[in-house]
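A.B. asks: My questions all concern the structure below.
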Ligand SMILES: [Zn+2]
């Protein structure tokens, strides 16, 4: 009555492909690029080993310098020109203006860095880049 061959449906053996744009948006929001239901990071910049909801593995994915690079691109090339157009000298002493700009850019960098890392982890995971074990 029972056969020795187990038939595994092809649909369960194959993973569902997540579109690159959707995975990137989820990573940018700090969510699992695969399911989007759990957090990608266990702490500020430490990604979870695997998603507790869908089981996708992220522990071996290394974004390396891409995350700071992406942050510098945004902060340095988009927001830094604001410093030249908005003069705080009329409102406060020079040293106070420098302090305000430095605090603004440091805060902006700290906010964008995990977003950038999430984006690059999602891109690496989604494209199955060499060296990435998606599990
Ligand atoms: Zn997930």
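Here, each number is a calculation from the coordinates, and none is a lab measurement. Just so we're clear, the structure is a prediction, and the values are computed from it rather than from any experiment. All Cβ positions, even for glycine, are placed from backbone atoms using ideal geometry, and neighbour counts span all protein chains on display.
A.B. asks: How would 17, 49 line up from fewest to most surrounding beta-carbon atoms within 10 angstrom?
C.D. replies: Numbers: 17 8, 49 12.
Ranked by crowding around the Cβ, least crowded first: 17, 49.
A.B. asks: Hey, another quick one. Find the relative contact order for the range 18-127 and round it to a whole percent, using C-alpha pairs within less than 8 Å whose residues are 6+ positions apart.
C.D. replies: On the way: 130 pairs, mean separation 45.3, N = 110.
Taking the mean separation of contacting Cα pairs over the length of the range 18-127, I get 41 percent.
A.B. asks: Now, a different point. Sort 34, 109, 126, 87 by Cβ crowding within 10 Å, fewest neighbours at the top.
C.D. replies: Working: 34 25, 109 17, 126 22, 87 9.
Ordered from fewest to most neighbouring Cβ atoms within 10 Å, 34, 109, 126, 87 come out as 87, 109, 126, 34.
A.B. asks: Let me ask something else. Under the 0.36 nm per residue contour assumption, what length would be gained going from the current alpha-carbon distance of residue 87 and residue 62 to full extension?
C.D. replies: Details: separation 25, 0.36 × 25 = 9.00 nm, distance 3.98 nm.
Answer, rounded to one decimal: 5.0 nm.
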